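Taking it in order: structure first as structure tokens, then the write-up.
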Amino acid sequence: MRTHMDRLRHTILFECLLLAICIPFLSWFLHQPAGHIGALSVMLSLAAMGWNYAYNLLFDHGLKRLGKPLYPRSLRLRIVHACLFELGLLFATIPGVMYWMNYSLLQAFTLDLSFLLMVPVYTVFFNGCYDKFFPVPALQAN
């Protein structure tokens with residue numbers, strides 16, 4: 001399994017790159033000031049980082065408990081992993097989006113749903129690259 005420091009690096013890199021992509025795009029798309037979108041994005045990012053760490057740890061332990069190998073991970077497993085992560089995060093972030101953007105439940109759900117569709121694609125791509133650039137030490141010898 002990955003170390004706690006490796007998980008921390010993964011989480012920080014994941015969120016920073018996602019923020020660098022999302023803030024300018026959402027500011028433009030939603031016709032909102034970058035500072036307003038940036039503050040919301042950072043708030044959601046902090047929530048996602050906490051969930052990311054806990055979720056990945058639980059997911060790895062779940063794989064071990066099922067007797068499944070942690071690595072290498074198939075594309076199918078990566079897709080399942082990303083979708084379950086986003087579904088869990090969706091329920092936690094809708095109230096914050098409603099409050100910050102002054103959105104109705106439907107508007108906040110729609111905005112979060114767009115992330116639910118986009119972020120798993122980013123997650124699969126990011127995690128594949130991360131595993132290449134930062135392989136698990138035990139796998140480097142293989």
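Read-outs throughout are calculated quantities, based only on the coordinates presented, and are distinct from any laboratory measurement. The model shown is predicted, which means the values in this text are computed figures rather than measured ones. Cβ atoms come from the backbone with ideal geometry, glycine included; neighbour counts cover every protein chain shown.
Name the residue, out of Ser74, Ser104, that is touching a helix residue (DSSP H, G or I) at 6+ places or on another chain (Cβ under 9 Å), hydroxyl-bearing (Ser, Thr, Tyr) and surrounded by fewer than 16 Cβ atoms within 10 Å (Cβ to Cβ).
On inspection, the qualifying residue turns out to be Ser104.
When you go through Arg65, Arg78 one by one, which is the residue that is more than 27 Å from Phe29 (Cα to Cα) and in contact with a Gly (Cβ under 9 Å, 6 or more places away or on another chain)?
Arg78
Within the stretch 48-69, does at least one residue satisfy the condition of being surrounded by 13 or more Cβ atoms within 10 Å (Cβ to Cβ), part of a helix (DSSP H, G or I) and of a type in the set (Lys, Arg)?
No, the conditions are met nowhere in the stretch 48-69.
Given the conditions (1) in contact with a Phe, Trp or Tyr (Cβ under 8 Å, 6 or more places away or on another chain); (2) loosely packed, with under 15 Cβ neighbours inside 10 Å; (3) over 19 Å from Leu111 (Cβ atoms), and given that Arg7 satisfies all but one, which numbered condition is not satisfied?
(2)
For residues in the stretch 47-76 being free of Cβ contacts under 8 Å to residues at least 24 places away in the same chain and among the aliphatic types (A, V, I, L, M), which is farthest from Arg7 (Cα to Cα)?
Top of the filtered list is Leu66.
So, in the stretch 107-142, exactly how many residues are surrounded by 12 or more Cβ atoms within 10 Å (Cβ to Cβ), of a type in the set (A, V, I, L, M, F, W, C) and assigned to a helix (DSSP H, G or I)?
12
When you check Phe91 against the structure, is it at negative phi and touching a His at 6+ places or on another chain (Cβ under 7 Å), yes or no?
It is false that Phe91 is at negative phi and touching a His at 6+ places or on another chain (Cβ under 7 Å).
I'm trying to understand the selection: among the residues of the stretch 91-101, which are surrounded by 13 or more Cβ atoms within 10 Å (Cβ to Cβ) and of a type in the set (Ser, Thr, Tyr)?
Across the stretch 91-101, the qualifying residue is only Thr93.
Can you find a residue in the stretch 110-126 that is closer than 17 Å to Arg2 by Cβ and not charged (D, E, K, R)?
Checking the stretch 110-126: at least one residue is closer than 17 Å to Arg2 by Cβ and not charged (D, E, K, R).
Report yes if Gly35 is under 26 Å from Arg2 (Cα atoms), loosely packed, with under 13 Cβ neighbours inside 10 Å, without any contact (Cβ under 8 Å) to a residue 40 or more places away in the chain and not acidic (Asp, Glu), otherwise no. Let's see the steps before the verdict.
Numbers: under 26 Å from Arg2 (Cα atoms): no; loosely packed, with under 13 Cβ neighbours inside 10 Å: yes; without any contact (Cβ under 8 Å) to a residue 40 or more places away in the chain: yes; not acidic (Asp, Glu): yes.
So Gly35 does not fit the description; no.
If you check every pair at least six apart or on different chains, which have Cβ atoms under 7 Å apart with a residue in the stretch 82-100 that is touching a residue at least 40 places away in the same chain (Cβ under 8 Å) and under 16 Å from Ser41 (Cα atoms) first and a residue that is in a helix (DSSP H, G or I) and aromatic (Phe, Trp, Tyr) second?
Listed pairs, sorted by first residue: Leu89/Trp51; Ala92/Trp51.
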